[in-house]
1. 5 Å is the cut-off here: which amide hydrogens, built 1.01 Å from N in the peptide plane, fall below it relative to A:Y285, excluding neighbours closer than 5 in sequence?
2. Could you run the Karplus curve 6.51 cos²θ - 1.76 cosθ + 1.60 with θ = phi - 60° over the stretch A:127-143 and give me ³J(HN,Hα) per residue in whole Hz, x for Gly and Pro?
3. Rounded, prolate or oblate for the stretch B:39-89? Axes are the square roots of the Cα gyration tensor eigenvalues, ordered a ≥ b ≥ c, and the cut-off for rounded is a/c under 1.5.
4. Which is farthest toward the positive dipole end of chain A among A:I22, A:F295, A:V216, measuring Cα position about the Cα centre, with Cβ charges +1 (Lys, Arg) and -1 (Asp, Glu)?
5. Based on a Kirkwood Rh over C-alpha pairs, give the Stokes-Einstein translational diffusion coefficient of the stretch A:216-288 at 10 °C and viscosity 1.306 mPa s in µm²/s.
6. Quick check: Cα centre of the stretch A:77-96 to Cα centre of the stretch A:177-209, how many Å?
7. Can you give the mean number of other chain Cβ atoms that lie within 10 Å of the Cβ atoms in peptide B:157-166?
8. So which trypsin sites (Lys or Arg not before Pro) in the stretch A:64-167 are both in a DSSP loop and have at most 14 other Cβ atoms within 10 Å of their Cβ?
Amino acid sequence: MRKLLLLALISLFVVVGFSASIPKDTVVIGMNTGIFISFDPAVCYEVEPSVLVMNIYSDLFKLQEINGTIQAIPELAESYDISQDGKIWTFHIRKGVTFANGNPLNADAVVYSIKRVLKLGKSPVWLFESLGLNSKNMDDTVKKIDDYTVQVTLDKPYAANIVMSIFAESWGGIVDPKIAQSHDVSGDMGSTYLADHSAGAGPYILKSWQRNNMIVLVANENYWRGAPKIKTIIIRDMPESTNQQLSLKRGDIDIAWNLTPEQINSLKGDPNFNVVSVPSQSNEYLAVNAGWGPFKDVRVRQAVKYAIDYNSIIQNIVGGYAIKVQGFIPYGYLGYVSNVPFDQNIAKAKQLLADAGYANGFEVELVTNTTERRRNEAIAIQADLAKIGIKANITIMQAAQMYKKMREQGIQMIVAGWGIDFPDPDALAKPFADYRVKQLAWRMMWYDNHAADLAEAAGFELDQSKRVEMYKDLTNYWFENGPFAILYQPLSYWGTRSELKGFDQTAKGYSLSFDLTKMYK
Amino acid sequence: MKLGNYIIKRSLLMLLVMFGVVAIVFAIVHVIPADPVGALLGGNAPPAVVDRMKEQLGLNKPLFIQFIDYIWGVIHGNLGNSIQSGRPVVQDIMEYFPVTLQLSIVAIFISIILGIFLGIFSAVYRNKWIDHFSRIFSILGVSMPVFWTGLILLLVFYYILGWLPGTGQLSLFVIPPERITGMILVDSLLTGNWEAFWNGLRHIILPAAVLGYAATASIARITRASMLDVLTQDYIRTAKAKGMSKKVVIYRHALKNALIPVVTIIGLTFGGLLEGAVLTETVFGLPGLGRYIVNALLNLDYPAIMGGTLFIALIYSLVNLSVDLIYAMLDPRMRA
């Protein structure tokens, strides 16, 4: 009798199905959402939540890939004027746009949203501050002219693309002041509420977020460009990539977000799946401290660049999911330089070392963080450097620990990456070449005034073609003298089920632009 | 009266333990030469922004002051706000803990049943193949990483056979029960949401089996040893001599007495499960406290790390205390 009961119970488990198929107007994504902090545009700064915020809020400008280049195009700012001196921007706001709940989107909302970012002072605030806007001067610099006109006064005449790009990102999302203020808790301008609710005019509404579990977006039927085809997007937290792979194959999710190169390659050739990959908005680099020992000599820096086997790293460590780029400006950017001057040349590298007086090499500490890919890169570089007599001792640390050490200029050699903050060469030239902004060049003690001047001047050049030339000059100078070797530009990739169409269009420009309205079934 | 004294004594000791936990964890997280603000802002932010954020979060104060502030907060039931989410740590814990608790309860059930039966069989059939098998089986449970067992079970029961669902607590289109305790199974029972109950039960089988299996060995081993001990006692021989059936001798006479030490190990195991759920929660995508603490560690979220650890330590001590109390009631010699 007992055995019978047991048998009945087991068969019940087997019979009662669980996998209801995903409806046509719904897309389910499997993703590791462990790093998600908030969906408030003034707080959110991490890559994955940011691309969702971009689909929940509308901005003054929008980033789009046009002919292979990511550019900012007018969105809620139907048009704009720039004053003669290049400092005063006047935005003319599109009329008739409403937030998802029907409230009007006007100059008040735009002014409120910009000031809100400045006042809250959270992670993304420094991007607005880099234009000279801050919480002290905001009443003078961010002004409403009439119901549909906003004027912003910058401290310097920045190139138009810089300004538009910064206003086109997740932190530039226009927030409904009525919703935000009605949920104000002790002056937080609705920030606690907006962490897991939305108040935007984008194509989707954040319906719910159960942390470490599930995020549900539903279509904004009032979206001013027309409601999107996919009505519900569900993001399930799946920290384990193997799990994403299994779920994708079983048809429980449409998109697997965090697959490894091996897992993604296992989908290739199967008609049930597509692999979508796009150039990532980041750089993977090796840097040496130009203020430390042997690296003070430019010839030693060059020797390191000639010692690395770039092709092997791209093929064997990243499984080919990378573009061979060596300038600091990645593929798809204004000023991109396609030539790759460095290939492994051990003889030349040895000669350079000998010329610098280090024929017998030296010992150096090579730091990187805990991800498997970085560790493998460090090991490959260690082997390459050994060939020219440099003994690199690898130290692995948590990213936060590594960046702290780097900020204190305490690193001799490092393998790391740079995620691009906005799609303009300025977002790369400054960190990689201008030590005065106290980012990468400063952290690696490369105090080169010529490079810094060039990078700064290019940021203020209003003539586009002149600007491109300036970046080319800078890149060539930087190849010769800089303390950086760009290893590659990574590709971002996803596995999708073949029923899902248009995801390649959605992902174009990831992570700076990501348009969920482009996908359909 | 004596029992009352015992409880008071133990509770005071527990307070001391809690203080020790806070102090040690505080020291450890602050000794790491890393920077939570750097973790929050990522690698790009310029130094001025980092400094200002530190000030905002009060991380520029001297360590001793930070510690005093923290202790003062804890005394008032305030574990501070998470650096990452900005939410009160207490709120986070209340959200995540029920998931871990439910998982651990189901897992401990599995390991008690499995462990006790394996232990009894091992003892009764000492050094026969059943004994060897059950010992190997339970040792395998401890030796195989939970991570790996989890993935293999998923591969077999979810991907290949399709008998059980993959990850999460509920299937996508099942309406979750109204939140009362935060434990899906309990809440769906309370609200009479049978679909959610059934679905949730199917979802918890794999993770609980993985976690429970890993904890089986210690229970099986103690049961075996204790059973062997009891089975050689005179009264068992007497019972056998009286012509009682084997079943009655084993289950009625021997097991009852053999279980006393097992209670202790179950208590300890349960505490261990609460903290050991980390990997299981990651593999099965469960929004539990273990995963919360791991995320906090990776991001150096000091208040979340300390709050989470303190809470787990508290639960562990409470479980221990209750085990000791049960013991004390069973065996008055313990109160001395």
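1. Counting only residues 5 or more places away or on other chains, the set is A:A416, A:G417, A:W418, A:L487.
2. In residue order, the calculated couplings are 6, 5, 5, 5, 9, x, 9, 8, 5, 7, 9, 5, 5, 8, 9, 10, 10 Hz.
3. Since a/c reaches 1.5 but b/c is at least a/b, the shape of the stretch B:39-89 is classed as oblate.
4. Farthest towards the positive pole: A:I22.
5. Value of D from the Cα-based Kirkwood radius: 105 µm²/s.
6. 27
7. The per-residue average across the peptide is 5.
8. A:K95, A:K136
Each value in this text was obtained by applying a stated rule to the coordinates, not by laboratory testing. Just so we're clear, the structure is a prediction, and the values are computed from it rather than from any experiment. In this analysis, Cβ positions are derived from the backbone assuming ideal geometry, glycine residues included, and neighbour counts consider all displayed protein chains.
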